[in-house]
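The values are calculated or read from the model by the stated rules, or taken from the named source; none is laboratory data. Everything quoted here is computed from the prediction, not taken from an experiment. When we count neighbours, we look across all protein chains shown, and the Cβ atoms used for this are built from the backbone with ideal geometry, even at glycine.
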């Protein structure tokens, strides 16, 4: 565990962002429960704005969430033609992406709880 002091406000903001990401990730895995990209955009804006306020190990979590959202968005866009032309492969691709997204968010939450940085 990391024994560095924690800025409570930044730590709280980091948890809020993870929870918003988690809501989106869970809703992406559950059919018909789409919370929409609006929550994800809010979480991304929080991360972009507050990243500079986080110190050392905690700033790695902001970068990690930003990278995760960018990768997920790119993967969804790249597999969009599968949805348009071949429903089942598109659905499988989006399920895989959604599960990967959920995994990354849960992993980040566990490491934040342990006060550990995220690897690049």
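Some values worked out for this structure:
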| item | result |
| --- | --- |
| Selection count, the stretch 30-49, where residues are assigned to a helix (DSSP H, G or I) and modelled with pLDDT of 75 or more | 12 |
| Subset of the stretch 76-98 [touching a helix residue (DSSP H, G or I) at 6+ places or on another chain (Cβ under 6 Å) and farther than 15 Å from residue 40 by Cβ] | 79, 82, 83, 89, 90, 93 |
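Okay, residues lined up against (1) free of Cβ contacts under 8 Å to residues at least 12 places away in the same chain; (2) closer than 19 Å to residue 19 by Cα:
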| site | (1), (2) |
| --- | --- |
| 50 | no, yes |
| 54 | no, yes |
| 58 | no, yes |
| 70 | yes, yes |
| 77 | yes, no |
| 99 | no, yes |
| 106 | no, yes |
